[in-house]
1. Assess whether Gln3 counts as being over 14 Å from the mean Cα position of the chain (by Cα) and surrounded by 12 or more Cβ atoms within 10 Å (Cβ to Cβ).
2. Of all residues in segment 15-50 being basic (Lys, Arg) and part of a loop (DSSP other than H, G, I, E, B), which is surrounded by the most Cβ atoms within 10 Å (Cβ to Cβ)?
Amino acid sequence: QQQYTLFRELAQAIESGDLHARVHATFGIDQIREALQLAAAGERDGKILLTP
């Protein structure tokens, strides 16, 4: 029950725009090698996203 409540609150914060993640880079799935290299470098200020 506690986990469900926490998840619901998290979903509401994302939906309302109160919680968001900074995106550093977006890569297509065919660029996964480059995405992994960037992730391994560790010098970024946001998330690395993979898209289909």
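1. no
2. Step one: of segment 15-50, the residues basic (Lys, Arg) are 22, 33, 44, 47.
In the following step, the residues that additionally are part of a loop (DSSP other than H, G, I, E, B) were identified as 22, 44.
Values: Arg22: 8, Arg44: 13.
This residue is Arg44.
Every number in this text was worked out from the coordinates using simple rules, so none of it is lab data. Predicted model only: the values in this text are computed from it and were never measured. Note that we place each Cβ from the backbone using ideal geometry, even for glycine, and neighbour counts take in every protein chain shown.
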